[in-house]
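To start, the structure itself, in structure tokens.
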Amino acid sequence: MLDRIWSTLIIECDQCGNTEEAEIDDYCDYYDCLDSFKNDGWINRKVDDEWHNFCCEECYQKFKAEKDFK
């Protein structure tokens with residue numbers, strides 16, 4: 001999940017619920033924040049026509065395995 005509350009961009013892992021925040025200001029716009037998340041190891045993948053955010057590759061693999069199992 002990716003959410004924006006005022007000037008704070010919040011990303012949440014769709015597998016483990018881990019969150020991270022970034023402030024949008026004069027030096028860091030929306031896309032800079034997304035780049036910052038990527039640099040911190042966050043990934044986003046499209047699964048069944050929906051975009052999901054993951055804090056690491058391991059969470060993505062777990063999510064995918066659970067999805068394939070169901």
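The values are calculated or read from the model by the stated rules, or taken from the named source; none is laboratory data. The shown structure was predicted, so the numbers you read here are calculated from the model rather than taken from an experiment. Glycine also receives a Cβ, built like all others from the backbone with ideal geometry; neighbour counts cover every protein chain displayed. These area figures cover heavy atoms from the full protein model, side chains too; ligands, DNA and RNA do not enter into them. Shrake-Rupley method; radii C 1.70, N 1.55, O 1.52, S 1.80 Å.
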If you line up the long axis of helix 30-39 against the longest principal axis of the chain, both from Cα atoms, how many degrees apart are they, to the nearest 10?
50 degrees
Just to make sure I understand: if all protein chains stay in place, what is the order of 63, 37 by accessible area at 1.4 Å, largest first?
63, 37
Can you list residues from other chains, or at least 5 along the same chain, whose modelled amide H is less than 5 Å from the amide H of residue 56?
43
Dipole magnitude of the chain about its Cα centre, charges +1 at Lys/Arg Cβ and -1 at Asp/Glu Cβ only, in debye to the nearest 20?
460 debye
Give, as a single signed number, the net charge of other residues whose beta carbon lies under 12 Å from the beta carbon of residue 62, with Lys and Arg counted +1 and Asp and Glu -1.
-3
So what is the 222 nm mean residue ellipticity for the chain from helices alone, if each DSSP H run of at least 4 adds -39500 (n - 2.57) and you divide by all residues, rounding to the nearest 500 deg cm²/dmol?
-10000 deg cm²/dmol
Among 37, 24, 51, whose Cα projects farthest towards the positive end of the dipole of the chain, with charges put on the beta-carbon of Lys, Arg (+1) and Asp, Glu (-1)?
51
Say each of residue 67 and residue 24 gets a label point 7 Å from the Cα, pointing the same way as Cα to Cβ; how far apart are those two points in nm?
2.6 nm
Förster radius 22 Å - calculated FRET efficiency between residue 7 and residue 43 (Cβ-Cβ, nearest 0.05):
0.35
